[in-house]
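Novice: After the structure tokens below, expect a handful of questions from me.
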Amino acid sequence: MGLEAAAEQLKVLQGTNQNKAKGKSQKESDAGRRSEKEEIVYHQWATFRVKQELFGIDVMQVKEVLRFVEITPVPGADASVLGIINVRGNVVTVIDTRRLFKLPEVDYNDDTRIIVVELNDKEVIGLVVDSVDEVINLPQNRVDRAPSLNSDESTKRFVQGVCYHNNILIILLDLTKMLLSITPSVPDDDFAH
């Protein structure tokens, strides 16, 4: 009788453990589904500084970073356009981000860089910045819309959002909007006439 009772108790325990395992796997499955729904999307940003502010642009648009070089002025260009440079046989229009953001100009130094970015398939632009920082991954769900605090729309219209990274505010720029404000796209039909 003792053996039969022990066998019966073992079956009960095994059944209880299987039910617990089923319940646990069901919970894990539910948690897995929730994590799939809440999957965090990261986006890479190349960061740089202008007047001690940290800005970010989509790293996929950055072609390269150059030390500051002599720039050939272009008469009649927009005020924020410094001129052009030759990068391995390609002419690159160079824009001063301080002028574009209506910030006071400073002398260029060893930290000054030109970030060469791709505007579209045909056009490459250089952005003069005070210094470059790093490439960072930011979770898309932590990017907030930019607050509308000041009346100066010149910079605000370029801001895609803001995000804190290591307790530092990063202003994320919409590079396309920023560059098209200076170099508006011209329909191909205009060249045909």
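Novice: With surrounded by fewer than 18 Cβ atoms within 10 Å (Cβ to Cβ) and under 25 Å from Met60 (Cβ atoms) as the only criterion, which of Asp107, Asp78, Asp96, Asp111 stands out?
Specialist: On the way: Asp107 fails: under 25 Å from Met60 (Cβ atoms); Asp78 fails: under 25 Å from Met60 (Cβ atoms); Asp96 fails: surrounded by fewer than 18 Cβ atoms within 10 Å (Cβ to Cβ).
Within the list Asp107, Asp78, Asp96, Asp111, the selection yields Asp111.
Novice: Taking region 114-146 on its own, how many of its residues are under 13 Å from Ile57 (Cβ atoms) and over 18 Å from the mean Cα position of the chain (by Cα)? Working first, answer last.
Specialist: First pass over region 114-146, keeping only residues under 13 Å from Ile57 (Cβ atoms): 115-119, 125-127, 129, 132-136, 138.
In the following step, the residues that additionally are over 18 Å from the mean Cα position of the chain (by Cα) were identified as none.
Residues that pass the stated criteria total 0.
Novice: For region 123-156: of the residues being assigned to a loop (DSSP other than H, G, I, E, B) and closer than 17 Å to Met178 by Cα, which is modelled with the lowest pLDDT?
Specialist: Pass one, region 123-156, residues assigned to a loop (DSSP other than H, G, I, E, B): 123, 130, 143, 145-152.
Filter again for closer than 17 Å to Met178 by Cα, leaving 123, 145-146, 152.
Working: Glu123: 83, Arg145: 79, Ala146: 68, Asp152: 51.
The extreme case among them is Asp152.
Novice: Going through region 87-108 one residue at a time, which ones are β-branched (Val, Ile, Thr) and under 13 Å from Gly126 (Cβ atoms)?
Specialist: Step one: of region 87-108, the residues β-branched (Val, Ile, Thr) are 87, 91-95, 97, 106.
Residues satisfying the conditions are Val87, Val91, Val92, Thr93, Val94, Ile95, Thr97.
Novice: Among (1) modelled with pLDDT under 95; (2) among the hydrophobic types (A, V, I, L, M, F, W, C); (3) closer than 19 Å to Leu179 by Cβ; (4) within 26 Å of the chain's Cα centre (by Cα), which single condition is Val41 missing?
Specialist: In the conditions (1) modelled with pLDDT under 95; (2) among the hydrophobic types (A, V, I, L, M, F, W, C); (3) closer than 19 Å to Leu179 by Cβ; (4) within 26 Å of the chain's Cα centre (by Cα), Val41 misses (3) alone.
The values are calculated or read from the model by the stated rules, or taken from the named source; none is laboratory data. Predicted model only: the values in this text are computed from it and were never measured. Here Cβ is always computed from backbone atoms with ideal geometry, including for glycine, and neighbour counts include all displayed protein chains.
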